[in-house]
Amino acid sequence: MADFPRITRDPALMGGKACIRGMRVTVGMIVGQIGAGVPVDRLLADYPYLEHEDVLEAMRYAAWLAQEREIDLAPAQ
């Protein structure tokens, strides 16, 4: 995994989903909110325990995941 110090994964927290700094805030929640048009400033106001760098790292992590190479194991038909 690339270096994402603010992203944590713990099977005992949020079912092992990628979270921000061990909190119950998932990367998926942040990316979903940004994708829905919520401005970063509003997201930070709604979740005052988040930092701007948390949001940026969540976006970088999501971009990194999207770059993964997929291999089709089933033959094309």
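Read-outs throughout are calculated quantities, based only on the coordinates presented, and are distinct from any laboratory measurement. Bear in mind the structure is a predicted one, so any value in this text is a computation, not a measurement. Every residue, glycine as well, gets a Cβ built from its backbone with ideal geometry; the counts of neighbours run over all protein chains shown.
Details
- Dividing the C-alpha radius of gyration of the chain by 2.2 N^0.38 Å, with N its residue count, gives 1.27.
- R0 of 30 Å, Cβ-Cβ distance Phe4-Ala36: FRET efficiency to nearest 0.05: 0.85
- Region 6-37 versus region 42-77: alpha-carbon centroid distance in Å: 9 Å
- Distance between the pseudo-spin-label points of Leu13 and Trp64 (7 Å out from Cα toward the beta carbon): 1.6 nm.
- Among Val27, Val38, a tally of other beta-carbon atoms within 10 Å of each Cβ gives an order, fewest to most, of Val38, Val27.
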